[in-house]
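A quick write-up on the structure given underneath.
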Amino acid sequence: MTASAAPAPPTPEHEGMPVTTPTPRVDLPRLALLDSAPTPLVELRTLGAPLGSVRILVKRDDLGGIGAGGNKLRKLQYAVGAAHAEGADTLLTFGALQSNHARLTAAVAASCGMECELFLSRRVPRRDPAYESSGNLLLARLFGATVHEIAPEADAVALAAARVDALRASGRRPWVIPFGGSDATGALGYVDCATELVAQCGALGLGGPDHVIVASGSGGTQAGLVAGFHAAGTATRVHGVSVLHPAAALAAIVRRLAAETCARLGHGAPPDAQTEVDDRFVGAGYGVPTDAAQQAIRRLARAEGIVLDPVYTGKAFAGLLALAASGRFAPGATVVFVHTGGLPGVFAYAPEFAPESAPAPAGAAA
Ligand SMILES: Cc1ncc(COP(=O)(O)O)c(C=O)c1O
């Protein structure tokens, strides 16, 4: 984990906001948004046995932090740190209606005394009440964000640019965070995660890790991990389970972003082999649950009490199970699943979980 220098005192206009700390890796401010750092690394004990001699560990990036936690907090530590340092007072960002990134941007804005405007696309073909009003959307509104719901074919970036002009004209200082917080600034958050993992695996007497599996959408999380392992000198393979793009397109995005992130750290580009992408688990499209993901969610919930979500981590864990079953991991390999959060999605997709949430039949044992 990145060591932090003495925290700078909060400025009077942002009394109570998370402290900003300089990071020793790059000359950029970083907000302290995680409850615990490093996040826990836990072994899957009951689920592990059927996966043979492969040791599966879970990096609990789903736990804790502002706004109910998740991977976007690591990115927002840097993205909003930069915005705050520039005196921004309004954050604008993008996502689908049930975006975890949008929910967490709203929470971080609230905690920093900033306004937040979200441009949320109706790209996922769902219109049921749970999807339209629960989960991440409910929380984003609770955090006080202004939500602009936009049609799937609308140009969200152009709409946000027009809004930036209007905000500037009214004397405000807007700051746009890209889709998923995925640029070389946001990806630095996952360099920190890779650094933590190398230290945690070392402390357990394990090398590597050999393989890391993560859900990959806009690619910044995977790219940060690749950059972080490369900078740490490990040959860790980072498998992105795509939730959106075809494999070749996502691999190109991740490799470019990993190279840009490494350049900021003063390193050359990582070898292409360090980035692997698997697009077999997307199913019918982004935000459309698959049977494999639903089974993976139930399996991990019932074996370990860990909650995955139907859009990202359920598909990624289904990918991990398939890779393990196909013998992709050598016996004795250390495999880490990075749990990137997304729990509010379970509520947004409540109809898929209807049998579990139905009341027990009358007369059933309590
Ligand atoms: C829970 C969760 N996991 C994984 C991802 C994928 O991260 P990235 O967009 O950096 O690829 C996201 C992105 O929104 C997410 O919300």
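The values are calculated or read from the model by the stated rules, or taken from the named source; none is laboratory data. Note that this is a predicted model, so its numbers are computed, not measured. Quick reminder, even Gly has a Cβ in these numbers, built from the backbone with ideal geometry, and neighbours come from all protein chains shown.
Side notes on the structure shown:
- Scanning the range 162-179 for residues that are under 20 Å from Gly87 (Cβ atoms) and either free of Cβ contacts under 8 Å to residues at least 40 places away in the same chain or of a type in the set (Gly, Ala, Ser) (or both) yields a total of 6.
- When Gly171, Gly180 are checked against the criterion of being within 13 Å of the ligand (Cβ to nearest atom) and either more than 20 Å from Gly217 (Cβ to Cβ) or part of a helix (DSSP H, G or I) (or both), a single residue qualifies: Gly180.
- Taking the range 268-289 as the range and being surrounded by 15 or more Cβ atoms within 10 Å (Cβ to Cβ) and within 21 Å of Gly189 (Cα to Cα) as the test, the residues that pass are Ala269, Pro270, Gln274, Thr275, Glu276, Val277.
- The residues listed here are Ala187, Ala158; of these, the one that is within 16 Å of the ligand (Cβ to nearest atom) and of a type outside the set (Ser, Thr, Tyr) is Ala187.
- Residue count for the range 272-281 satisfying the condition of being of a type outside the set (D, E, K, R) and without any contact (Cβ under 8 Å) to a residue 24 or more places away in the chain: 0.
- Single condition Ala301 does not satisfy, out of (1) in a helix (DSSP H, G or I); (2) in contact with a Ser or Thr (Cβ under 6 Å, 6 or more places away or on another chain): (2)
- Filter pass, Val307 being within 16 Å of the ligand (Cβ to nearest atom), outside any loop (DSSP other than H, G, I, E, B) and either among the hydroxyl-bearing types (Ser, Thr, Tyr) or under 16 Å from the mean Cα position of the chain (by Cα) (or both): no
- Qualifying residue in the range 246-265 (condition: touching a residue at least 12 places away in the same chain (Cβ under 8 Å), surrounded by fewer than 21 Cβ atoms within 10 Å (Cβ to Cβ) and of a type in the set (S, T, N, Q)): no
- Taking the numbered list (1) surrounded by fewer than 15 Cβ atoms within 10 Å (Cβ to Cβ); (2) in a loop (DSSP other than H, G, I, E, B) in turn, Ala162 passes all entries but (2).
- When the test is whether a residue is buried (at least 21 other Cβ atoms within 10 Å of the Cβ), in contact (Cβ under 8 Å) with a residue 40 or more places away in the chain and assigned to a loop (DSSP other than H, G, I, E, B), Phe337 does not pass it.
- Flag for Ala130 being of a type outside the set (Asp, Glu) and either under 20 Å from the mean Cα position of the chain (by Cα) or modelled with pLDDT under 95 (or both): no
- Flag if Phe94 is farther than 17 Å from Gly220 by Cα, surrounded by 17 or more Cβ atoms within 10 Å (Cβ to Cβ) and of a type in the set (Phe, Trp, Tyr): no
- From the list Leu142, Leu137, the one residue that fits, being under 18 Å from Ser99 (Cβ atoms) and exposed (fewer than 15 other Cβ atoms within 10 Å of the Cβ), is Leu142.
- Selection count, the range 194-239, where residues are part of a helix (DSSP H, G or I) and more than 11 Å from the ligand (Cβ to nearest atom): 17
- Matching residues, the range 192-217, being under 18 Å from Glu260 (Cα atoms) and either of a type outside the set (Gly, Ala, Ser) or without any contact (Cβ under 8 Å) to a residue 60 or more places away in the chain (or both): Asp192, Cys193, Ala194, Thr195
- Ala107 being at pLDDT 95 or above, within 20 Å of the chain's Cα centre (by Cα) and not β-branched (Val, Ile, Thr): yes
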